[in-house]
Amino acid sequence: MNIEKVLNELDNLFAANQLDKVEGFLLEKHAEAEKENDAGADLSILNELIGYYREFTEYEKAQNVVKKALELVEREELNGTLAHGTTLLNVANAYRAMGKYEESEKAYGQVIKIYEMTMEEDDFRFASLYNNMSLLFQSCGRYQDACESLKKALAIVKQHPEAEIELAVTYTNLGQACMRLSDMEESGKNLLLAEKIFEKTDKKDYHYCGCANALGEFYYTNKEYEKAISYYEEALLNMYQTAGMTGNFQAIRENLMEAYRKAGRKTYDNMLDLCQDYYEQYGKPMIEEKFPEYVGRIAVGLCGEGSECFGFDDEISTDHDCGPGFAMWMADDVFDAIGGKLNEEYEKLPKVFAGRIRNETAMGTGRCGAVRIDGFFERVLGGKKIPETEEDFRDVEEYALAAAVNGRVFHDPEGIFTKKREYLLQYYPRNVWLEKIARTLMKCAQAGQYNYGRMMARGDYVTAQIALSEYMKSMMELVFLLNRRYAPYYKWQHKALASLPILPEIGDILTAVCDMPSQREAWKEFRYNGNVNQQDMIAMTIEIVAKLVVNRLQEMGLSKIDEAYLEVQAKEVLKHMDRESKMDKVDCIVRMEWEEFDKVQNEGGRADCQDDWETFSIMRKSQYMTWTDEMLDEYRWYFEDCMKQGRNLITEKYGRMMESTVPWEYEKIKDAFPVLSEEQKQIMEEIIKIQVQWMEEFAKEYPHMAGNARSIHTSEDRVFNTSYETYLRGELSTYSDEMLLLYGRFIAELVKEGKNLARLTMENTAKLYGYDSLDSAEKSLIH
């Protein structure tokens with residue numbers, strides 16, 4: 001292995017600030033060196049890993065690598081060699097960082113012995129050793145020993161004029177040690193000498209962070225707080241740019257915040273306030289000075305993705321895409337004229353403000369700086385334009401709408417950006433709102449009031465927890481709907497509940513549910529028959545929440561009944577919609593199916609029927625015209641959801657038919673489909689049995705019409721012939737649990753009424769083809 005090449009590549013990663021790639025790179029090279037039995041290269045790589053883990057405070061990993069490195073030294077009989085000394089130096093540094101001071105000092109002592117046996121006393125590597133030992137002594141409070149070590153290091157480094165950075169580091173360490181001895185004069189002298197060297201060489205060097213931080217402490221100790229702030233800010237920025245947000249980053253930031261407090265500087269509890277002041281202090285003057293003719297055409301603020309835009313930022317969320325910054329929204333003509341230059345000036349603004357750095361990741365690119373107004377909305381709305389129609393609103397994710405209207409606009413002289421937000425803040429059109437309430441009520445009922453209990457009764461505790469999770473998520477979404485507020489991304493919904501005026505207490509109730517112990521014991525002796533287990537605290541809490549929701553629906557005039565099962569309440573809510581006609585619903589479903597049918601990929605190429613809209617629409621409408629409004633609503637919602645998830649139900653339907661028509665091909669694709677439960681299969685087969693019998697009866701009465709349709713039985717399936725029974729089985733297998741139950745009830749009701757669904761469907765087909773009756777259509781086929 002070419003170790004020099006490896007170390008050069010490592011240096012390049014650090015230079016490019018690609019710190020996230022360093023560990024993987026070193027581990028990969030370590031594995032290669034082991035495979036090649038290149039002990040020398042392997043030991044060099046292990047030493048680099050020790051240093052990396054030490055710097056990024058991953059001490060457990062560092063300890064493991066230390067063990068490997070020392071074992072390698074022993075195995076290769078390198079004891080007492082320079083390679084052994086180098087390894088022990090890294091080990092001692094790691095132990096020092098871990099707080100294992102005795103082990104660290106022992107290792108340093110071994111290094112001294114090896115160095116004294118293998119090199120001249122003025123060798124530069126002694127300087128590095130003494131510098132590191134001084135840090136140990138400082139950590140132990142032995143500041144006089146630290147000063148003595150550093151003076152030894154300084155005497156050696158001064159003999160090497162090319163080692164300017166090492167000289168600056170030594171002055172820095174000496175300045176810190178003197179400060180601990182309260183020798184402020186000597187401390188300041190050494191620290192300023194170090195700064196002078198960094199100014200001449202490279203202030204972007206990683207080691208400058210230590211110098212700037214020490215100068216911050218020096219001036220803080222002297223109560224010169226503004227100077228302290230200036231140096232702490234430099235240290236913070238240097239640390240971020242060279243090593244990221246490590247443990248040392250947070251320590252520097254804490255020093256900086258304390259200096260702010262001492263200086264009487266303003267500190268911030270939320271990022272929106274911080275960003276607005278950052279704009280007022282730096283952004284506004286920049287725009288007025290550099291782009292005076294466009295001041296009246298640029299809106300400024302912070303909105304969109306990110307916890308800070310919802311006011312939910314905390315210490316954890318500051319690790320990415322958070323910090324001082326703002327967006328400047330403008331019309332296309334303004335962006336085309338100055339967008340690029342405006343971004344250049346924006347990037348020149350201070351990177352540190354009030355102890356915060358904006359740490360932008362690739363995911364956060366484009367949130368701040370110059371942004372097109374329409375571009376902002378298209379980005380946060382998932383590539384879609386601002387919705388106008390009911391269908392448009394259905395097509396946009398709710399969390400995206402929440403992101404479009406959150407945050408704060410600091411300045412908007414034209415008002416264009418604000419008007420678009422105000423339009424969205426008017427909320428969903430009434431029909432969409434009621435539809436979403438009804439759908440969410442159904443989800444709460446299915447997951448919480450129905451499936452949680454069923455799964456607990458079966459002893460399927462994993463699925464019970466999944467159902468409970470789905471219930472809690474749906475319930476939070478419902479509370480937002482009842483408040484006419486867009487729900488944010490799921491991880492912020494619970495936090496946001498507390499600020500809502502309607503049913504905020506549900507947030508506390510859900511917290512209590514999470515705190516409840518396992519309810520398994522409550523089900524051991526319980527005989528389940530669909531009833532609520534009153535011994536299960538979670539099940540009873542779900543019912544309590546349902547009553548709160550019902551009361552609220554009644555207060556809002558959306559329900560007049562007391563039924564606590566929320567699926568029933570969903571039907572009450574739907575009664576308040578401005579009803580579209582049944583045929584409008586049928587047309588909508590058939591159009592969606594046609595869109596998905598067009599995407600179906602056939603092994604033999606595109607089928608002729610995929611270009612025959614007239615036949616497709618008549619066949620599908622004939623079926624849906626027999627359905628109830630409730631069935632049409634449920635199926636449309638379900639179909640839309642599947643489309644949004646990228647699941648093509650038409651492709652799936654035809655794929656499932658292949659189990660009978662081309663089973664060898666079906667084996668290749670079956671794992672791509674959701675698994676059907678035994679309960680689903682049982683319901684399907686009961687339905688199929690009834691419908692096949694109906695089709696047989698219809699065929700006897702209208703043989704010519706039936707002859708023009710599919711063969712009836714699965715036993716008649718061939719590669720290019722799919723029977724009515726197989727087609728029906730394929731279609732039913734794509735239905736949701738709720739849709740399958742609704743369809744089963746529909747079939748049961750037809751049986752009870754003595755009606756034949758095959759006849760009803762074919763009557764619709766005949767009429768859509770222009771015949772006045774089935775008899776007329778049958779006669780036309782005789783000749």
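The values are calculated or read from the model by the stated rules, or taken from the named source; none is laboratory data. Since the model is a prediction, treat every value here as computed from it, not as a measurement. A quick note on method: Cβ atoms are made from the backbone with ideal geometry, for glycine too, and the neighbour counts reach across all protein chains shown. Just so you know, the surface numbers come from the protein's heavy atoms only, side chains and all, with ligands and any DNA or RNA stripped out. Shrake-Rupley method; radii C 1.70, N 1.55, O 1.52, S 1.80 Å.
Checking the condition out of contact with any Asp or Glu (no Cβ under 6 Å at 6 or more places or on another chain), within 23 Å of E659 (Cβ to Cβ), in a helix (DSSP H, G or I) and of a type outside the set (S, T, Y), which residue from E763, E696, E778, E749 passes?
E696
Out of all the residues in the range 372-396, which are under 23 Å from K585 (Cβ atoms) and of a type outside the set (A, V, I, L, M, F, W, C)?
Correct list: P387, E388, T389, E390, E391, D392, R394, D395.
Rundown of residues vs (1) in contact with a helix residue (DSSP H, G or I) (Cβ under 7 Å, 6 or more places away or on another chain); (2) at pLDDT below 90; (3) among the small types (G, A, S), yes/no style:
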{"residue": "Y101", "(1), (2), (3)": "yes, no, no"}
{"residue": "E121", "(1), (2), (3)": "no, yes, no"}
{"residue": "R142", "(1), (2), (3)": "no, no, no"}
{"residue": "E162", "(1), (2), (3)": "no, yes, no"}
{"residue": "C178", "(1), (2), (3)": "yes, no, no"}
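Name every residue in the range 732-746 that is open to solvent by less than 70 Å² (accessible area, probe 1.4 Å) and either among the hydrophobic types (A, V, I, L, M, F, W, C) or in a helix (DSSP H, G or I) (or both), in order of residue number.
Restricting attention to the range 732-746, the residues satisfying the condition of being open to solvent by less than 70 Å² (accessible area, probe 1.4 Å) are 732-736, 738-744, 746.
L732, E738, M739, L740, L741, L742, Y743, G744, F746, listed by residue number.
Taking into account only those residues within the range 189-220 that are among the polar types (S, T, N, Q) and either open to solvent by less than 10 Å² (accessible area, probe 1.4 Å) or outside any helix (DSSP H, G or I) (or both), which is farthest from A243 (Cα to Cα)?
Only one residue fits best here, namely N190.
Does any residue of the range 483-490 turn out to be outside any helix (DSSP H, G or I) and among the charged types (D, E, K, R)? Break it down into steps so the answer makes sense when it comes.
Restricting attention to the range 483-490, the residues satisfying the condition of being outside any helix (DSSP H, G or I) are 483-489.
Subset that is among the charged types (D, E, K, R): 484-485.
Yes, the range 483-490 has at least one match.
With the condition kept exactly as written, say whether any residue in the range 699-719 is hydroxyl-bearing (S, T, Y), without any contact (Cβ under 8 Å) to a residue 12 or more places away in the chain and open to solvent by 20 Å² or more (accessible area, probe 1.4 Å).
Within the range 699-719, one or more residues are hydroxyl-bearing (S, T, Y), without any contact (Cβ under 8 Å) to a residue 12 or more places away in the chain and open to solvent by 20 Å² or more (accessible area, probe 1.4 Å).
Only residues that are under 24 Å from V532 (Cβ atoms) and surrounded by fewer than 18 Cβ atoms within 10 Å (Cβ to Cβ): list them for the range 553-566, please.
Passing the criteria: Q554, K560, I561, D562, E563, Y565.
Give the residue, chosen from E667, E659, that is closer than 25 Å to D737 by Cβ, open to solvent by 40 Å² or more (accessible area, probe 1.4 Å) and assigned to a helix (DSSP H, G or I). Spell out the reasoning first.
Working: E667 fails: closer than 25 Å to D737 by Cβ.
Exactly one residue qualifies, and that residue is E659.
Condition (residue is out of contact with any Ser or Thr (no Cβ under 6 Å at 6 or more places or on another chain), part of a helix (DSSP H, G or I), modelled with pLDDT of 90 or more and loosely packed, with under 13 Cβ neighbours inside 10 Å) applied to the range 622-637: is it met by at least one residue?
No, because not a single residue in the range 622-637 is out of contact with any Ser or Thr (no Cβ under 6 Å at 6 or more places or on another chain), part of a helix (DSSP H, G or I), modelled with pLDDT of 90 or more and loosely packed, with under 13 Cβ neighbours inside 10 Å.
Checking the conditions here, which among I437, I386 is of a type in the set (V, I, T) and in a loop (DSSP other than H, G, I, E, B)?
Selected residue: I386, the only one of I437, I386 that is of a type in the set (V, I, T) and in a loop (DSSP other than H, G, I, E, B).
Identify, from the list G244, G210, the residue that is in contact with an Asp or Glu (Cβ under 9 Å, 6 or more places away or on another chain) and either within 24 Å of S128 (Cβ to Cβ) or among the small types (G, A, S) (or both).
G244
Of all residues in the range 717-728, count the ones that are assigned to a helix (DSSP H, G or I) and either touching a helix residue (DSSP H, G or I) at 6+ places or on another chain (Cβ under 6 Å) or modelled with pLDDT under 90 (or both).
Residues meeting the conditions: 4.
Among the listed residues S139, S182, which satisfies the condition of being surrounded by fewer than 16 Cβ atoms within 10 Å (Cβ to Cβ) and at positive phi? Explain how you work it out, then say what you get.
Numbers: S139 fails: at positive phi.
After applying the criteria, what remains is S182.
Inspect all residues belonging to the range 528-540 and state whether any of them is open to solvent by 50 Å² or more (accessible area, probe 1.4 Å), part of a helix (DSSP H, G or I) and of a type in the set (A, V, I, L, M).
So in the range 528-540, the residues open to solvent by 50 Å² or more (accessible area, probe 1.4 Å) come out as 528-532, 534-535, 537, 540.
Still in the running and part of a helix (DSSP H, G or I): 537, 540.
Subset that is of a type in the set (A, V, I, L, M): 537, 540.
So far as the range 528-540 goes, yes, one or more of its residues are open to solvent by 50 Å² or more (accessible area, probe 1.4 Å), part of a helix (DSSP H, G or I) and of a type in the set (A, V, I, L, M).
I'd like the full set of residues that are closer than 17 Å to P413 by Cβ and either open to solvent by less than 30 Å² (accessible area, probe 1.4 Å) or small (G, A, S) (or both), limited to the range 285-302.
M286, I287, F291, G296, I298, A299, V300, G301 - these are the residues of the range 285-302 that are closer than 17 Å to P413 by Cβ and either open to solvent by less than 30 Å² (accessible area, probe 1.4 Å) or small (G, A, S) (or both).
Cβ contacts < 8 Å: first residue in a loop (DSSP other than H, G, I, E, B) and polar (S, T, N, Q), restricted to the range 577-604; second residue modelled with pLDDT of 85 or more and open to solvent by 50 Å² or more (accessible area, probe 1.4 Å), any location; separation 6+ or different chain. Result?
These pairs meet every condition: Q601/T651.
Would you mind stating whether Y486 is surrounded by 15 or more Cβ atoms within 10 Å (Cβ to Cβ), of a type in the set (S, T, Y) and over 17 Å from L548 (Cα atoms)?
Yes; evaluated as a whole, the condition is true for this residue.
Do we have L381 as surrounded by 16 or more Cβ atoms within 10 Å (Cβ to Cβ) and at pLDDT 95 or above here?
no
Looking at R458, R454, R520, which is the one that is loosely packed, with under 14 Cβ neighbours inside 10 Å and touching a residue at least 24 places away in the same chain (Cβ under 8 Å)?
Only one candidate passes the filter, namely R520.
Considering E254, E234, which residue is among the acidic types (D, E) and in contact with a Lys or Arg (Cβ under 9 Å, 6 or more places away or on another chain)?
From the options E254, E234, the qualifying one is E234.
Just name the residue that is nearest to C140 (Cα to Cα) out of those in the range 69-99 that are surrounded by fewer than 17 Cβ atoms within 10 Å (Cβ to Cβ) and among the charged types (D, E, K, R).
Here the residue is E71.
(1) open to solvent by 20 Å² or more (accessible area, probe 1.4 Å); (2) more than 21 Å from Y53 (Cβ to Cβ); (3) part of a helix (DSSP H, G or I): which one isn't true of Q159, the others all being true?
Evaluating Q159 over (1) open to solvent by 20 Å² or more (accessible area, probe 1.4 Å); (2) more than 21 Å from Y53 (Cβ to Cβ); (3) part of a helix (DSSP H, G or I) leaves (3) as the failure.
Evaluate the following for Y268: is it touching a residue at least 60 places away in the same chain (Cβ under 8 Å) and open to solvent by 20 Å² or more (accessible area, probe 1.4 Å)? Step through it out loud before you land on a result.
On the way: touching a residue at least 60 places away in the same chain (Cβ under 8 Å): yes; open to solvent by 20 Å² or more (accessible area, probe 1.4 Å): yes.
Against the criterion (touching a residue at least 60 places away in the same chain (Cβ under 8 Å) and open to solvent by 20 Å² or more (accessible area, probe 1.4 Å)), Y268 qualifies.
Would you please list the contacts, defined by Cβ atoms under 6 Å and residues six or more apart or on different chains, that run from a residue in the range 211-232 that is farther than 17 Å from V352 by Cα and without any contact (Cβ under 8 Å) to a residue 40 or more places away in the chain to a residue that is open to solvent by 50 Å² or more (accessible area, probe 1.4 Å) and not small (G, A, S)?
Every condition considered, the pairs that remain are Y219/K227.
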